[in-house]
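Working notes for the structure below.
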Amino acid sequence: MKITLFEQAPYRYLPADFEQHHRSACDTPYFSLVSREGVYSSMRDCMDELMFAARCGFDGIGITEHGQSSYDMMPNPDLFASALAYSTESEGLDVAIIPMGRSLGKSREPLRVAEEYAMIDVLSGGRLVAGFPVGLAYDANVNNGVPPIQTRPRFDENLELVLRAWRDPEPFTWNGKYSQYPQVNIWPRPLQQPGPRPWITGVGNPRTMQLTLERDYGFNYVSWFGAKLTGKRIFDRFWEIADQVGVPRNPYRMGFVQTIAVAETDERAEQDYAAHLEYAFRKGIGSIPREGMMLPGGIDIRGVQALLKDPGDFGLYERMRTATFRELVDAGVVIVGSPSTVREQIGEFCTEYGIGNLHCMLGFGSLLRDLAMKNIQLFAEEVAPYLRRLWDGSGHEHHWWPERLGGVPRRTTDDPYRPAREEANVR
Amino acid sequence: MTMLDNTPQISQEAVDLWGGRLTMRVNVAGAGAPLLYLHPAGGLAWDPFLSQLATRYTVYAPELPGTSAGDPYAIHAVDELSDLVLVYEELVRRLGLERPVLVGQSFGGMLAAELAALYPGITEKLVLLDPLGLWREDAPIANPIAAAPHELPGMLFHDPAGAAARAFLEPPADPEVAAAATAAMVWALGCAGKFLWPVFDRGLRNRGHRITAATLIVWGEQDTLIPAAYAAEFQALIPDSQVVLVPECGHIPQVEQLEHTSAAVAEFLSARGAT
């Protein structure tokens, strides 16, 4: 199993009563809440924690894109990723660089995404794992002005452009609905050819799952809503669609983001982390109003009907703004405890649901540097070794991981990528 | 409910256009000269205002592509606002309407103004009810598409607790029907959003001077979605135009102050020698 550190870059010093005074974490006023020292250390410590994880032997380090938000100050993850690519390369650390990543439903400059990822792959010597989320409503539609009904078709078109830009040998003209380029011929191209295998991020939309399976991409599930509530629904759905599509249940095509906190004992873990976890979820995802997650037009009408009928994919979301530590634990939003508690719970979960890439969120919310480092180190030394061999002997190979890091990429150029544009946001 | 008793017989016509890529559904009622009504972003709701118009006119109320039941993906056949205006112009010709009175509410008001600006000969009488289409830095328009559901009543009505507002906002009793109606409204907002997002200014200010029709601009004085200051803005833009401000009224004058609005519209249409 591949084990990575995934972090966001939250502002770590918001006042305790933030939720009482602010509607949302994605229209938060800046100057009245932020100090120069606070923003510098929030960013610097996040970067240091990612580098520390690389030195501790994690298989990858990852971040993602969220603009204009206090819970993740990451308007372009490629800035972080490029710094990490060079730093790890210069220290000789064989670790995957994982922007999880650049949102293609949001991007109005998709060619720049192709160029940035190609640069990171070159800088890192071929260690890029390339993620492409569709994009959250507040980010794609509000922060970047994309009409919600265009988010999905724009994602489809942009992904097609990125993949062609990476691999087409001759310059070509791109006449898209959302962007037009007289010439596409980017320099440099990714070292990994015909391009790193894409990873798509999803929260349960069956259409997204089907797309990743049909096109042989990786799939990252982000478990903010509580994996004990949503996991069975989501993972069962994914593997059932895999059966329908007719691809093997290879765990390496599945990635799972989980918030985890480890200390010497269960009691100590609660003492160390409970307040920081409450901060992370109340002032983070709990402070993204529903209309920040989805806007009219962004979800197909059938999807809206399905959500109204059964909002189960959203787990604890509606209560997240006031969630207690105990509720977060009970819903599986977080896994907290001694090394043995944590490895047992995660091992069971990953085995049951066929997860071959575990993205551990070990820094979160207001957690300060020293505790984050402790969490990372304990996980690396006391938990990871017990999980790493989970799928050894399963007969599956990792086709979605860089070759330089032991992956076995399929060198296919006959990408079956042909989006049906007019039906592009049919769920 | 007594007003609903006056609802006329409404028939539906399916009109093929846009090179065979679209079938638009048009609700037709009443008798007399033609009147084309363009609905707001939330979709078409046949209301007493339309019923009253149908006593004097043949009212044609088309449904925005994508908002007709059973045909949600029709929206994908139209990409740009300019194409949408062409679709409606084609519709007028396919229906064989000769200079219909043009009435539009909110998003429909913006569409009606665009249609009258691009095709000045299409109508001689234009009625705009709290239309979208212009933008003032000092009076930003609220975004109902991005609003939380609980914010909508206050955006749409001066008195959300009043009888007219409650009747308008009351969800259907059957939960299944209510869920379907909610999904349909959410999708309708998404379809209209395609031609509005992200800032509700698609350049009408550059084109509005081309409108030659006599124009009535009706505005709810307490409209919090599009402040009534925009009424004067439209009046300044459209050469032959006049304004009626409706007191005690929010964004939907024909619902919140039906009598006042109907009377103002009727007076305007008859004073101009309604056919």
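The values are calculated or read from the model by the stated rules, or taken from the named source; none is laboratory data. Note that the structure is a prediction, hence the values are computed from the model and not measured. Neighbour counts are summed over all protein chains in view; Cβ atoms, including those assigned to glycine, are modelled from backbone coordinates with ideal geometry. For the accessible areas, the whole protein counts, side chains as well, though only heavy atoms, and no ligand, DNA or RNA atoms are used. Shrake-Rupley method; radii C 1.70, N 1.55, O 1.52, S 1.80 Å.
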- Candidates A:321, A:343, A:282 - the one that is open to solvent by 50 Å² or more (accessible area, probe 1.4 Å), of a type outside the set (S, T, N, Q) and within 14 Å of chain B (Cβ to nearest Cβ): A:321
- Item | Filter result for residue B:255 (of a type in the set (Val, Ile, Thr) and within 16 Å of the chain's Cα centre (by Cα)) | yes
- Restricting attention to the range A:223-265, report how many residues are part of a helix (DSSP H, G or I) and open to solvent by less than 10 Å² (accessible area, probe 1.4 Å). 9
- Task: Being part of a helix (DSSP H, G or I) and closer than 11 Å to residue A:11 by Cβ is the filter; apply it to the range A:28-39 and report the residue that is nearest to the chain's Cα centre (by Cα).
- Result: A:39
- Note on the structure: The condition of being within 28 Å of residue B:148 (Cβ to Cβ) and modelled with pLDDT under 95 holds, among A:330, A:313, only for A:313
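Residue by residue, here is whether (1) out of contact with any strand residue (DSSP E or B) (no Cβ under 6 Å at 6 or more places or on another chain); (2) assigned to a helix (DSSP H, G or I); (3) charged (D, E, K, R) holds:
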position: A:105; (1), (2), (3): yes, no, no
position: A:116; (1), (2), (3): yes, yes, yes
position: A:121; (1), (2), (3): no, yes, yes
position: A:152; (1), (2), (3): yes, yes, yes
position: A:186; (1), (2), (3): yes, no, no
position: A:208; (1), (2), (3): no, yes, no
position: A:216; (1), (2), (3): yes, no, yes
position: A:221; (1), (2), (3): no, no, no
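Are any of the residues in the range B:194-208 within 14 Å of chain A (Cβ to nearest Cβ), over 19 Å from the mean Cα position of the chain (by Cα) and over 23 Å from residue B:255 (Cβ atoms)?
Scanning the range B:194-208 turns up at least one residue that is within 14 Å of chain A (Cβ to nearest Cβ), over 19 Å from the mean Cα position of the chain (by Cα) and over 23 Å from residue B:255 (Cβ atoms).
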- Message: Checking the condition buried (at least 21 other Cβ atoms within 10 Å of the Cβ), among the aromatic types (Phe, Trp, Tyr), under 25 Å from residue B:67 (Cα atoms) and more than 13 Å from the chain's Cα centre (by Cα), which residue from B:107, B:157 passes?
- Response: B:157
- Message: Restricting to the range A:196-214, count the residues that are under 19 Å from residue A:130 (Cα atoms) and crowded, with 18+ Cβ neighbours inside 10 Å.
- Response: 13
- Task: Determine which member of the set A:158, A:141 is away from chain B (no Cβ under 14 Å), surrounded by 16 or more Cβ atoms within 10 Å (Cβ to Cβ), touching a helix residue (DSSP H, G or I) at 6+ places or on another chain (Cβ under 7 Å) and within 28 Å of residue B:194 (Cα to Cα).
- Result: A:158
- Which of the residues that make up the range B:171-190 are more than 7 Å from chain A (Cβ to nearest Cβ) and either open to solvent by less than 10 Å² (accessible area, probe 1.4 Å) or of a type in the set (Ser, Thr, Tyr) (or both)? B:188
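The rows are residues; the columns are (1) open to solvent by less than 50 Å² (accessible area, probe 1.4 Å); (2) in a helix (DSSP H, G or I).
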{"position": "B:233", "(1), (2)": "yes, yes"}
{"position": "B:239", "(1), (2)": "no, no"}
{"position": "B:251", "(1), (2)": "yes, no"}
{"position": "B:265", "(1), (2)": "yes, yes"}
{"position": "B:270", "(1), (2)": "no, yes"}
- Got a sec? Which of A:194, A:188, A:206 is in contact with a Ser or Thr (Cβ under 6 Å, 6 or more places away or on another chain) and in contact (Cβ under 8 Å) with a residue 60 or more places away in the chain? A:194
- State all residues of the range A:81-101 that are closer than 20 Å to residue A:9 by Cα and open to solvent by 20 Å² or more (accessible area, probe 1.4 Å); if no residue qualifies, say none. A:82, A:83, A:86, A:87
- Within the range B:58-111, the residues that are of a type in the set (Gly, Ala, Ser) and within 11 Å of chain A (Cβ to nearest Cβ) are B:66, B:69, B:70, B:74, B:77
- Message: Condition first: open to solvent by less than 10 Å² (accessible area, probe 1.4 Å), in contact with a strand residue (DSSP E or B) (Cβ under 8 Å, 6 or more places away or on another chain) and within 14 Å of chain B (Cβ to nearest Cβ). Can you find one or more residues in the range A:163-180 that meet it?
- Response: no
